[in-house]
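Participant: Below is a structure I'd like to ask you about.
Nothing in this text is a laboratory measurement; each read-out follows from the coordinates by a stated rule. These numbers were taken from a predicted model, which means no experiment stands behind them. Don't worry about glycine lacking a Cβ; one is built from the backbone with ideal geometry, like all the others, and counts go over all protein chains shown.
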Amino acid sequence: MKIFKPTTPTRRHTILTPYRSLLSRSKSAPEKRLVKGGRSTAGRNNRGRITMRHKGGGHKKLLRAIDFMQEKHGVMAKVEAIEYDPYRTGFIALVCYADGDRRYILAPKGLGVGDTIIASETASLAPGNRMPLKKVPVGTFVYNVELQPKGGAKLARSGGNFIEVIANDLGYAYLKMPSSEVRKVPEMCWASIGTVSNDQHKLRNEGKAGRNRWKGIRPTVRGTAMNPVDHPHGGGEGRQGRGLRRAKTLWGKPAGKGQKTRTPKKYSNVFIVSRRKVGKK
């Protein structure tokens with residue numbers, strides 16, 4: 001990580017990712033055929049209503065087209081560059097397949113320029129290679145995992161994340177998620193070997209509020225600092241506790257502190273072998 005000299009109050013606490021030493025290509029020079037622009041939704045849905053608070057503003061960004069399917073099975077690909085993606089915490093890799101096709105994929109830890117990867121049922125257990133879960137040995141770390149065959153990767157896609165394969169039984173692979181949950185996934189689903197790159201992202205310290213504004217993150221006001229009309233935690237003389245046994249959201253729903261918020265009858269409950277561990281570790 002890059003630690004700055006305390007020349008200002010902001011610099012005193014700033015810790016950032018050393019992109020220059022980790023990337024092989026400038027942040028402002030992506031592959032033109034694989035990027036597109038678009039308007040920022042600022043946390044709003046297709047009806048224009050805010051569905052995620054504290055979003056808005058920020059610098060303009062180009063959207064990279066990431067290949068989460070990697071359906072070119074049996075075709076070798078060579079890594080041409082490791083690049084930055086403003087929409088994700090991990091790095092991305094520009095790969096060129098033997099047939100000349102170029103695509104962006106999520107870069108695993110340890111993958112470098114000049115390395116080769118392949119998606120095949122007989123692939124080796126090298127970082128970046130992709131294979132079905134039924135071919136992955138127990139104890140292997142994987143990322144970019146599908147939930148349904150040919151459905152595209154959905155699990156373990158952020159920087160430093162990985163999933164451990166702990167068993168294979170009756171057509172299902174048992175996966176230990178980053179949250180400690182154990183889940184069943186059809187063994188015909190594909191997964192990539194390794195861990196997502198940029199595992200030091202969790203060590204970042206933005207140093208100042210302005211850096212979050214550049215990223216499109218707006219300020220968050222504590223519920224205890226509000227009035228009773230505005231939040232269930234609001235009110236009281238001076239600095240008061242929330243006065244409730246359980247923390248609540250703005251709309252009175254349970255939130256935080258390890259409370260269960262999952263829908264009791266969710267369709268995927270049958271695939272969960274062991275729930276995640278919540279509360280103090």
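Participant: Can you say what percent of the DSSP beta bridges in the stretch 18-201, counting only those with both residues inside, are antiparallel? Round to 5.
Facilitator: Beta bridges within the stretch 18-201, antiparallel portion: roughly 90 percent.
Participant: So what is the calculated 222 nm ellipticity per residue for the chain, using -39500 (n - 2.57) for each DSSP H run with n of 4 or more, over all residues, to the nearest 500 deg cm²/dmol?
Facilitator: -500 deg cm²/dmol
Participant: I've got another one for you. Projected area of the stretch 221-281, taken from the Cα convex hull and averaged over every viewing direction, in nm²?
Facilitator: 5.8
Participant: Continuing with the same structure: Exposed loop chymotrypsin sites (Phe, Trp or Tyr not before Pro) only (DSSP loop, at most 12 other Cβ atoms within 10 Å): please give the longest stretch of the chain free of them, not including the sites.
Facilitator: Longest run free of exposed loop sites: 88-250.
Participant: Within 10 Å of each candidate Cβ there may be at most 15 other Cβ atoms; applying that plus a DSSP loop requirement, which GluC sites (Glu not before Pro) in the stretch 1-104 survive?
Facilitator: Counting only loop positions with at most 15 other Cβ atoms within 10 Å, the GluC sites (Glu not before Pro) in the stretch 1-104 are E71.
Participant: Follow-up. Beyond 31 Å, how much of the Cα-Cα pair distribution for the chain remains, as a whole percent?
Facilitator: Details: 16525 of 39340 pairs.
When every Cα pair of the chain is considered, 42 percent fall beyond 31 Å.
Participant: Identify, among T220, V270, I117, the residue whose Cα sits farthest towards the positive end of the charge dipole of the chain, taking +1 on the Cβ of Lys and Arg and -1 on the Cβ of Asp and Glu, with the dipole about the Cα centre.
Facilitator: With unit charges placed on the Cβ atoms, the residue in question is T220.
Participant: Could you give the dipole magnitude of the stretch 18-201 about its Cα centre, charging the beta-carbon of Lys and Arg +1 and that of Asp and Glu -1, in debye to the nearest 20?
Facilitator: For the stretch 18-201, the charge dipole is close to 1200 debye.
Participant: Here is a further query. Ordered by packing density, taken as the mean number of other Cβ atoms within 10 Å over each peptide's residues, highest first, how do 52-58, 130-136, 240-246, 149-155 rank?
Facilitator: Taking the mean over residues of other Cβ atoms within 10 Å, the ranking is 130-136, 149-155, 52-58, 240-246.
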